[in-house]
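Structure first, commentary second.
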Amino acid sequence: MTASPSGSYLLRGTAAGGTLRFVGIEATDLVEEARLRHHLSKTATAALGRTLAASALLAVVLGKKSDSRVAVRVEGGGPVGWVVAEGSADGQVRGYVRAPGADLPPRDSDGKLDVSGIVGTDGELAVTRLLDNGEPYTGSVRLQSGEIAEDVSYYLGASEQIPNAVLLGVYEEKGRVAHAGGLLVQAMPGVSDETLGRLEANIKAMGQITDNLRRGGLLEVLNRAAEGLDLNLAPEAQAARFQCRCSREKASDSLKFFTGSERQEMIDDGGQEVVCHWCGEHYQITPGEIAALDAEETRAQA
C-alpha cells in the first residue's frame with residue numbers, strides 16, 4: 001500500500017481492471033499557504049482552496065505533458081468576485097480571489113461554510129489549457145451550484161465529454177486550514193454499468209470528503225471511493241505545493257508598460273512596489289532598477 005508522505009501530495013491509481021482512473025490530492029499545506037499569503041477570510045479560503053485542488057486534478061487529467069498547466073476561473077457574481085487557480089501536472093499550484101476579505105456566516109441549513117453564497121451562481125466556470133499544437137483553448141460552462149466540485153464535474157462532462165465524479169473540500173479549525181483535498185474519478189472506455197453503480201454507491205456512502213480526510217487522510221478517501229473495485233495505486237506519491245512563477249525580474253519588467261514620465265515619478269518617490277496578484281509576493285523595485293529600464297528602452301529605440 002502507498003504510504004502517506006508529509007505535506008501536500010497527489011496520488012494516482014486505477015480500479016475495476018483499468019476502467020476507472022483515480023487522481024487525489026492532499027492539499028492542506030498548500031491551501032493554508034494560500035490563506036496566509038492572501039489574508040483570506042474563512043469562506044474565501046474554502047472557495048480558493050477547492051479551486052486550487054481542482055486545478056491540480058484537472059492538470060493531471062487534461063494535461064498532455066508532465067508540466068502541463070490548467071487554469072480555472074470561477075465567477076458567479078458573489079461577494080468574493082472571481083476565483084482563479086492554475087495547476088500543473090507536476091504538482092505546482094497558485095491562485096487568488098478578487099476580494100480576499102469577503103466572508104459569509106455558515107449556512108443555516110447545515111452549519112457548513114457558504115461557498116456557494118460567496119462565489120455566487122450567476123456566472124460561469126472557465127478552464128484554459130494547451131492543445132496538442134500548443135494553442136490555448138478555453139472551455140466554459142454555466143455554474144451549476146457555485147460549490148466548485150459540482151461545477152468542475154459538469155464542465156468535464158459537458159465540455160470535455162469525460163464521465164466523472166469530483167469531490168473537493170476544505171475544513172478549517174482554530175483559525176487555520178486543518179484538512180483540504182480533492183478526488184477526481186474518470187470513467188474510462190469499457191467501464192461497466194455495474195462498476196459505475198458501485199462507484200456511485202460508494203461516493204454516496206462516503207459523505208463529506210473532509211470527514212474522510214479527518215479520519216484517515218487521502219488514502220481513506222481513495223479506499224472508500226474504490227471499495228470493492230480493486231484499487232491499484234501508483235507506488236509513489238507526487239509532491240504538491242503552492243508555487244508561483246513570478247520573479248523580481250518579471251516584476252521589474254512589468255514597469256515597462258508605464259510611460260517614461262510615470263516611471264520618473266516612481267524614481268522621484270524612491271522606487272515602486274510591485275505585488276504579484278497570484279501569490280501576494282511584494283517586490284520593491286529601486287530607483288536605479290527603474291532608471292535601467294529607461295536606459296534599456298532608449299538603447300532599443302536607437
Exercise for the section: Restricting to the chain, compute how many DSSP beta bridges are antiparallel as a %, nearest 5. Expected result: 95
Problem - When each of LYS112/LYS204; LYS42/LYS64; LYS112/LYS174 is checked by Cα-Cα distance, pairs over 23 Å - result: LYS42/LYS64
Fill in the blank from the handout: Rounded to two decimals, the Debye log10 I(q)/I(0) of region 184-302 (Cα scatterers, no solvent) at q = 0.13, 0.23 Å⁻¹ is -0.66, -1.24
Completion exercise
Note to self: Kirkwood Rh of the chain, Cα pairs, one decimal, Å, is 20.5
Completion exercise
For region 19-80 the trypsin sites (Lys or Arg not before Pro) that pass both the DSSP coil test and the at-most-15 other-Cβ-within-10 Å test are LYS64, LYS65
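Give the Rg/Rh ratio for region 1-103, taking Rg as the radius of gyration of the Cα atoms and Rh as the Kirkwood radius, to two decimals.
Working: Rg = 14.6 Å, Rh = 14.3 Å.
Answer for region 1-103: 1.02.
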Handout entry: Gained length - ALA292 relative to LYS65, 0.36 nm times residue gap less alpha-carbon distance
Key = 78.0 nm
Practice task
Choose one answer from LEU131, LEU40, LEU231: the residue with the largest mean-square fluctuation in a GNM of the chain with alpha-carbon springs under 10 Å.
Solution key: LEU131
Completion exercise
Quick calc, the chain, dipole around Cα centre from Cβ unit charges on Lys, Arg (+) and Asp, Glu (-), nearest 20 debye, gives 580
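For region 142-183, what is the Kirkwood hydrodynamic radius in Å, using each pair of distinct C-alpha atoms?
Details: mean 1/r = 0.0874 Å⁻¹.
It is 11.4 Å.
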Completion exercise
Ranked on Cβ counts within 10 Å of their own Cβ, fewest leading, TYR9, TYR155, TYR283 go TYR283, TYR9, TYR155
Problem - Label point distance in nm, LYS174-ARG248, each placed 7 Å from Cα along Cα→Cβ - result: 3.7
Exercise for the section: Quick one: plug the Kirkwood hydrodynamic radius of region 248-301 (C-alpha pairs) into Stokes-Einstein at 25 °C, 0.890 mPa s, and report D in µm²/s. Expected result: 217
Fill in the blank from the handout: Ordered by fewest other Cβ atoms within 10 Å, a rough proxy for footprinting exposure, ASP29, ASP108 read ASP108, ASP29
Problem - Calculated FRET efficiency for the pair GLU200/HIS277, C-beta based, R₀ 35 Å, to 0.05 - result: 0.35
Completion exercise
Between the Cα axis of helix 287-301 and the main Cα principal axis of the chain, the angle (0 to 90°, nearest 10) is 80
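Could you calculate the FRET efficiency of GLU236 with SER6 from 1/(1 + (r/R0)^6), where r is the beta carbon distance between them and R0 is 22 Å, rounded to 0.05? Can you show the working numbers first?
On the way: r = 14 Å, r/R0 = 0.65.
The calculated FRET efficiency here is 0.95.
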Completion exercise
Mean separation of Cα contacts under 8 Å (at least 6 apart) over the residue count of the chain, i.e. the relative contact order in percent, is 22
Exercise for the section: Which order do the peptides 253-264, 51-62 take when ranked by the mean count of other beta-carbon atoms within 10 Å per residue, highest first? Expected result: 51-62, 253-264
Practice task
Compute the long axis of helix 193-206 from its Cα atoms, compare it with the longest principal axis of the Cα atoms of the chain, and write down the angle in degrees, 0 to 90, nearest 10.
Solution key: 70
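Where a number appears in this text, it was derived from the coordinates with a stated rule and is not lab data. In this text, all values refer to a predicted model and were calculated from it rather than measured experimentally. Note: ideal-geometry Cβ built from the backbone for every residue, glycine included; neighbour counts use all protein chains shown.
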